[in-house]
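Participant: Handing you a structure now.
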Amino acid sequence: MKIIIHYQAKNKKKRKNKVKLYHSTPDRILTASVWVLLLLIMIVILVPLLFILASSFSDPSAVSAGKVLLWPVDFSLVGYEAIFQSPSILRGFINSVEYTLAGTVISVTLTLFAGYPLSRVDLKIRGPVMFLFTVTMFFSGGIIPLYLIINTVGIYDSIWAMILPTAVSVYNLIVCRSFFDSNIPDELYDASKIDGCNDFDFFFRVAVPLSSTIIAVMLLFYATSIWNSFMNALMFMGTQDKMPLQVILRNLVLSNQTSALTSSGTEVAQRMKMAEQLKYSIIVVSALPLLVAYPFVQKYFAKGVLMGAVKG
């Protein structure tokens, strides 16, 4: 009995020592330092966003005079009124939605179809194929050869010119392959084979349902990339009515600046002020859809990227 009491007392003493060690002064300093660092990072990220938002809702004169910091000065919606009064804005928004939806579905599908086979150890050619994919991350043919290919294939000035050239991101492919490699065990595949499941059935009925996390991450990555696509539209789209929102907004800023240069007297100053505020309003309008969609996939984001980066 004395031995048991002595053993319990000894364990309690060890637990107390562990608790004291956890709450020691160096640990408190480290914890405080981490919180201060995170707070500084948050401020660095948050202040520019608040400045842009406040400037978009401020009077153009206050924005050009540098009076706006983190809160709107002389609240005004002039910038947003100028944006939405443009007849091409709605058309550009619809085009961007079409390109983003179609491109995201195609890109995620192709990435899954390529990522899963490359994660299989029994695929003998996965090393050379992965090498060919990886080379494209560092070397490309350039803009002119890409333009010639798109023009020769016959997809210039069509929705496919916005989707196919960037349909598969090698970085996303590597993350997706690593996810399958780390989270779909070989034992599960062997068990399904015993039950008469072939490769296609295993992929669609087992692998894909277990990959909702990485699919959500891929949806976010591809949707963000296609929504913000700018250079592809300038190079591969020739009709103004087919331009995405990013190009339309850029043209709106340039046209306002050009009008300011060709104006005279006080009208020049007014147009220059308007052009300055339009930049902030355009940033908010172009980023708003992604900001609205991100919270719905945020919980999958960090988890999916970490799970897809364990091996590979």
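Participant: I'd like to verify a number: residues in region 175-208 that are closer than 30 Å to Ser229 by Cα and open to solvent by 50 Å² or more (accessible area, probe 1.4 Å), how many?
Facilitator: Total meeting the criteria: 0.
Participant: Also, quick follow-up: Can you find even one residue in region 90-102 that is of a type outside the set (Gly, Ala, Ser) and over 21 Å from the mean Cα position of the chain (by Cα)?
Facilitator: yes
Participant: Based on this model, can you work out whether Trp160 counts as free of Cβ contacts under 8 Å to residues at least 12 places away in the same chain and surrounded by 13 or more Cβ atoms within 10 Å (Cβ to Cβ)?
Facilitator: In short, yes.
Participant: Taking the conditions exactly as written (outside any loop (DSSP other than H, G, I, E, B) and either of a type in the set (D, E, K, R) or within 12 Å of Ser169 (Cα to Cα) (or both)), does Gly115 satisfy them or not?
Facilitator: yes
Participant: Given the structure, is Gly154 within 30 Å of Asn251 (Cβ to Cβ) and over 25 Å from the mean Cα position of the chain (by Cα)?
Facilitator: yes
Residue-wise test of (1) out of contact with any Cys (no Cβ under 7 Å at 6 or more places or on another chain); (2) over 22 Å from Leu290 (Cβ atoms); (3) surrounded by 15 or more Cβ atoms within 10 Å (Cβ to Cβ); (4) touching a residue at least 60 places away in the same chain (Cβ under 8 Å).
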| site | (1), (2), (3), (4) |
| --- | --- |
| Ile52 | yes, no, yes, yes |
| Ala62 | yes, yes, yes, no |
| Asp74 | yes, yes, no, no |
| Gln85 | yes, yes, no, no |
| Gly92 | yes, no, yes, yes |
| Gly103 | yes, no, yes, yes |
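Participant: Condition check: of a type in the set (S, T, N, Q) and closer than 30 Å to Ile149 by Cα. Does Asn232 satisfy that?
Facilitator: Spelling it out, Asn232 is indeed of a type in the set (S, T, N, Q) and closer than 30 Å to Ile149 by Cα.
Participant: In addition: Sort out which residues of region 209-252 are open to solvent by less than 10 Å² (accessible area, probe 1.4 Å), outside any helix (DSSP H, G or I) and of a type in the set (A, V, I, L, M, F, W, C), and write them in order of number.
Facilitator: Met237
Participant: Filter region 195-216 down to the residues that are among the β-branched types (Val, Ile, Thr) and at pLDDT 85 or above and list them by number.
Facilitator: Passing the criteria: Val206, Val208, Ile214, Ile215.
Participant: Which of the residues that make up region 117-141 are surrounded by 11 or more Cβ atoms within 10 Å (Cβ to Cβ) and of a type in the set (S, T, N, Q)?
Facilitator: Of everything in region 117-141, those that are surrounded by 11 or more Cβ atoms within 10 Å (Cβ to Cβ) and of a type in the set (S, T, N, Q) turn out to be Ser119, Thr134, Thr136.
Participant: If the requirement is being in a helix (DSSP H, G or I) and closer than 14 Å to Lys273 by Cβ, which of these qualifies: Val63, Val73?
Facilitator: None of the others qualify; the one that does is Val63.
Participant: Here is a further query. Restricting region 232-274 to residues that are modelled with pLDDT of 80 or more and β-branched (Val, Ile, Thr), which is farthest from Gly142 (Cα to Cα)?
Facilitator: Within region 232-274, the match that is farthest from Gly142 (Cα to Cα) is Ile248.
The values are calculated or read from the model by the stated rules, or taken from the named source; none is laboratory data. Please read these numbers as outputs of a predicted model, since none were measured by experiment. Don't worry about glycine lacking a Cβ; one is built from the backbone with ideal geometry, like all the others, and counts go over all protein chains shown. Keep in mind that these areas ignore ligands, DNA and RNA; they rest on the heavy atoms of the full protein, side chains included. Shrake-Rupley method; radii C 1.70, N 1.55, O 1.52, S 1.80 Å.
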